[in-house]
Amino acid sequence: MSIARAADILRAGGLVVFPTETVYGLGADATNPHAVARIYEAKGRPQFNPLIAHVPGLTEAQAQAHLHENARKLAAAFWPGPFTIVARRRPDSSVAELACAGLATIALRAPSHPMARELLASFGGPIVAPSANRSGHVSATTAAHAAEDLGGRVDLVLDGGPCEIGLESTIVAVADDGRVTLLRPGAISRAEIEALVGPIESAHGGAIQAPGMMESHYAPRARMRLDADPPLQGEVYLAFGAPAPAGGATLSATGDLVEAAANLYAALRALDATGAEVIAVAPIPEDGLGEAIRDRLTRAAAPR
Ligand code: TXA
Ligand code: MG
């Protein structure tokens, strides 16, 4: 059975692409520094970018990090699911230091995708996994997209169909004193987090706390123009709240943000593949999931 084979590959220090509810992950045994190094090599990723350790749940997370009550509250509400907690790493954490890029903190997430959960159970330890794309490319939301980017560089690609959410997890840092900072917006919205722990700070505009938040992280080859209404001549158009125009695409014809998030990366890949010089994107509202979608579009549009 392929899950058991995937677990064997991880034990042997190999790389396995697996589905999660957010995006596909490029997984390795988190405790094996050699395997972790292979992730950076396969992604062509700068080594200072720390990885998320995937675990089955709160118990396993607490073996890796000191979790303040606020962190435990958030984990209870949003795990398993598209939510990552950065907290102070325990001195006896089994996760390789290389995976944390030498930071005093560690990022932890319990995914909900059944295949990811089966893989975690079968492997029996933490699995580090960045998004399964070459560094700087948009994240892969299907097994085919992951294979396109990483095919020859991994030992196995598990196909779990298209990712339900299509955007990377929400990341918060929870400090020892319980202060919560939003490091990366995602499907779990700011409002849902604040309902549990009160007003939270945003890392935007401040010092880069998550090195992966480098401006041009999620980048198609084409240049991007945001809040474009209408497109200019020569641009391919990514619509929202309207059907796909000729030669273009739509994130959601009905203006549904959930559908838009799920379609985002596949749409960017498809429009990039047309060879167009500029992808013009329709205005996206800022509320709820719109914050995360706008965040990814802004990064994709950043000069590079
Ligand atoms: O949905 C997701 O989170 C996907 C799936 C595969 O789980 N993973 C993902 O991983 O998006 P990646 O490596 O593409 O993004 C992880 C982000 C990076 O921006 C990284 O800098 C940040 O998490 N991160 C990891 N450890 C951190 C830490 N200790 N402090 C601050 N940021 C951290
Ligand atoms: Mg990524």
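Points worth noting:
- Condition met for LEU167 (within 13 Å of ligand 1 (Cβ to nearest atom) and out of contact with any strand residue (DSSP E or B) (no Cβ under 8 Å at 6 or more places or on another chain)): yes
- Tally, over region 56-90, of residues that are buried (at least 22 other Cβ atoms within 10 Å of the Cβ) and in a helix (DSSP H, G or I): 6
- Verdict on ARG221 being more than 16 Å from ligand 2 (Cβ to nearest atom), crowded, with 16+ Cβ neighbours inside 10 Å and at pLDDT 85 or above: no
- Residues of region 135-165 satisfying the condition of being within 13 Å of the chain's Cα centre (by Cα) and modelled with pLDDT under 95: SER135, GLY136, HIS137, VAL138, SER139
- Scanning region 4-25 for residues that are touching a residue at least 60 places away in the same chain (Cβ under 8 Å) and away from ligand 1 (no atom under 16 Å from the Cβ) yields a count of 6.
Yes or no, residue by residue, for (1) within 16 Å of ligand 2 (Cβ to nearest atom); (2) in a helix (DSSP H, G or I); (3) of a type in the set (Val, Ile, Thr):
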| position | (1), (2), (3) |
| --- | --- |
| ILE3 | no, yes, yes |
| ALA7 | no, yes, no |
| LEU10 | no, yes, no |
| THR20 | yes, no, yes |
| VAL23 | yes, no, yes |
| THR31 | no, no, yes |
| ALA53 | yes, no, no |
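- Positions within region 112-128 being outside any loop (DSSP other than H, G, I, E, B), of a type in the set (Gly, Ala, Ser) and either away from ligand 1 (no atom under 12 Å from the Cβ) or touching a Lys or Arg at 6+ places or on another chain (Cβ under 8 Å) (or both), in sequence order: ALA121, SER122
- Considering residues of region 129-148 that are crowded, with 24+ Cβ neighbours inside 10 Å and not in a loop (DSSP other than H, G, I, E, B) only, the residue farthest from ligand 2 (Cβ to nearest atom): ALA146
- Residue count, region 248-283 (criterion: touching a residue at least 24 places away in the same chain (Cβ under 8 Å) and touching a Leu at 6+ places or on another chain (Cβ under 9 Å)): 18
- Among the residues making up region 148-189, those that are small (Gly, Ala, Ser) and either touching a helix residue (DSSP H, G or I) at 6+ places or on another chain (Cβ under 8 Å) or in contact (Cβ under 8 Å) with a residue 40 or more places away in the chain (or both) are GLY160, GLY161, GLY166, SER169, ALA173, ALA175, GLY178, GLY186, ALA187, SER189.
- If you go through region 246-263 and keep only what is under 17 Å from GLU286 (Cα atoms), small (Gly, Ala, Ser) and outside any helix (DSSP H, G or I), you end up with SER252, GLY255.
The values are calculated or read from the model by the stated rules, or taken from the named source; none is laboratory data. Quantities reported herein were computed from a predicted structural model and do not represent experimental measurements. Cβ: placed from backbone, ideal geometry, glycine included. Neighbour counts: every protein chain shown.
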